[in-house]
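See structure below.
The values are calculated or read from the model by the stated rules, or taken from the named source; none is laboratory data. Since this is a predicted model, take the numbers as computed values, not measurements. Every residue, glycine as well, gets a Cβ built from its backbone with ideal geometry; the counts of neighbours run over all protein chains shown.
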Amino acid sequence: MDKTRLGRYGRQICGRAWISRAALVVLLTWMSTAACVRLGPGIRGLVDLTTSGEDELRLTYLGTGGWIFQHGSDMVLAAPLFTNPSFLQTGLRPIRADTVEIDRHMAPYDVRGARAILSGHAHYDHLMDVPRVAAVHAPNARIVGSRTVANTLGSWSGVGGRVDVVDDSAGDQSSVGRWLTYGPGIRVMALRSHHAPHFDGYTLYQGSVDSPLASPPRYATEWLDGATFAFLIDFMDAVGEVAFRIYYQDAVVAPPLGFAPEVLIAQHPVDVAIFVPATFDQVDWHPEAFVQNLQPKRVLLGHWEDFFVPIDDPTRAIMLSDIGHFQDRLEHVFSGEWWRPEIGTEFRFSR
Ligand SMILES: [Zn+2]
């Protein structure tokens, strides 16, 4: 898709989105308020389930799709969003990464050793802040994502050449994909997934970017999703065995898309599964089918909070989804421990 078509497409979608949103504002606000009544704050601070001397996995929630995964000196990031343009800005006006906010919120974390930044799809909330993070904070990291991720970052971002494109290497429920290795201690496998609708069967910002962009997307509508992927992240021990296995998704998907290969899970179930509750009710059997597929020891919920408000504002549940209902359904099928973290919460788990 050339830039002219992309821009025109973006404006067309922008118009449709504006009409839809204007009509939905009252309903969304009511739904959001209703959800907030049921949903208390998430857990915050440090959740440390380790005992000294044990091999440990650390996971820090950065908000929206953002995480830091760490095992010893091996580190992987999942793409964060700190810019948080408002609801109206996202619908009507140009948006761009707020580098001051990104730097301020990345400052507490030393991620210079990060080897990879995962972006499951190219919507702005999973890619817009990545160039700054990759250029300044994680300068040695590869970016792992779709061809649309690579083309959206294109030549303007300075990091488009650092993308490892996964479209042809992804696995699914019945086929093992190709592992991407980042040193002896990290391997990542993309999993074929899909982006669930945002509301009423309608998915915002759909499409692919088929050639590298020379200038950044201007509107939210120009950050097209492209192919969507979930990921398995394995941290390896000194003898080359899996020490910890993480499952990460940054969009809800209708199963069995988004599943991990059953043969891999039979060998090593997932130690920590990260699920997205936002818009879960647009598909069937999310999260139930994923609990069955992944056999997770622990579950964390990400991408649950409203990201249309400044990131320092008190957190509240994202509009459109009854997160409390998601939690009820999770508990119905999952007897292990699970948490819904506030931004900045760190988890430490043993094997
Ligand atoms: Zn999305």
Those helices (runs of 4 or more DSSP H) completely within the stretch 67-137 that have 2 or more residues that are in contact with a helix residue (DSSP H, G or I) (Cβ under 8 Å, 6 or more places away or on another chain), within 16 Å of the ligand (Cβ to nearest atom) and of a type outside the set (Lys, Arg) are 87-92, 124-127
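Scan ALA230, ALA251 and give me the residue that is more than 17 Å from SER350 (Cβ to Cβ), at pLDDT 95 or above and within 17 Å of the chain's Cα centre (by Cα).
On the way: ALA251 fails: at pLDDT 95 or above.
After ruling out the rest, the residue left standing is ALA230.
Determine whether the stretch 255-276 contains at least one residue that is polar (S, T, N, Q), surrounded by 19 or more Cβ atoms within 10 Å (Cβ to Cβ) and under 23 Å from VAL76 (Cα atoms). Explain how you work it out, then say what you get.
From the stretch 255-276, those polar (S, T, N, Q) are 267; that's our starting set.
Retained after the next criterion (residues that are surrounded by 19 or more Cβ atoms within 10 Å (Cβ to Cβ)): none.
Taking every residue of the stretch 255-276 in turn, none turns out to be polar (S, T, N, Q), surrounded by 19 or more Cβ atoms within 10 Å (Cβ to Cβ) and under 23 Å from VAL76 (Cα atoms).
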Going through the stretch 149-186 in order, the residues found to be touching a helix residue (DSSP H, G or I) at 6+ places or on another chain (Cβ under 9 Å), closer than 30 Å to THR221 by Cα, of a type outside the set (A, V, I, L, M) and touching a residue at least 60 places away in the same chain (Cβ under 8 Å) are ASN151, THR152, GLY154, TRP156, ASP167, GLY171
Per the filter on the stretch 180-218, residues hydroxyl-bearing (Ser, Thr, Tyr), closer than 20 Å to MET128 by Cα and within 16 Å of the ligand (Cβ to nearest atom) are THR203, TYR205, SER208
Of the residues in the stretch 226-268 that are hydroxyl-bearing (Ser, Thr, Tyr) and in contact with a strand residue (DSSP E or B) (Cβ under 8 Å, 6 or more places away or on another chain), the one that is nearest to the ligand (Cβ to nearest atom) is TYR248
By residue number, the members of the stretch 311-350 that are at pLDDT 90 or above and part of a loop (DSSP other than H, G, I, E, B) are PHE334, SER335, GLY336, ARG340, GLU342, ILE343, GLY344, THR345
Quick count over the stretch 138-152, residues being more than 16 Å from the ligand (Cβ to nearest atom) and in contact with a strand residue (DSSP E or B) (Cβ under 7 Å, 6 or more places away or on another chain), is 7
